[in-house]
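Notes follow once the structure below has been shown.
The values are calculated or read from the model by the stated rules, or taken from the named source; none is laboratory data. Because the structure is predicted, anything quoted here is derived from the model rather than measured. Cβ sites come from the backbone with ideal geometry, for glycine too, and all protein chains shown count toward neighbours.
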Amino acid sequence: MTQIAPRPHPGVRTPLLREVYGRLLRGLRTRQGRTLAEVAARAGISVAYLSEVERGLKEPSSEVLEAVCVALGSSITGLVGAAHRELRDLAGDVPNGRRVLDLTSRAGSSIASPAEAPAPTGTLADTTRSVLLAA
């Protein structure tokens, strides 16, 4: 049986990815003023399941995440990017120099980084900022 390695800092709890995804999705849905029932129907999943995903209780498949993102007028790329930024920013507060690999760095690339382009309002990029401010 495979064992999960102990956390290097027992007193510091990094949120699980499913919790971050759920928080971001719920934030986007509520800012849009949409109900669980509306988004769940559009995504083709049950209201109960969407609620559990938003609360970080379920580990949704990439297909479910994509369906919910599309139902919210966003994309899985936006969700993953917003989650990455949130976790990266949270890691800055972790003691002993723990680091998160920044996959968004475009040094030497001709592709503009997300930080260089203004994000439209009501996107998952906005969700990250509001979640971090609320924490």
Test: residue in segment 12-35 that is surrounded by fewer than 20 Cβ atoms within 10 Å (Cβ to Cβ), more than 17 Å from the chain's Cα centre (by Cα), charged (D, E, K, R) and modelled with pLDDT under 95: no
Selected residue (only one of GLY81, GLY44, GLY122 is at pLDDT below 95 and either in contact with a Gly (Cβ under 9 Å, 6 or more places away or on another chain) or of a type in the set (Gly, Ala, Ser) (or both)): GLY122
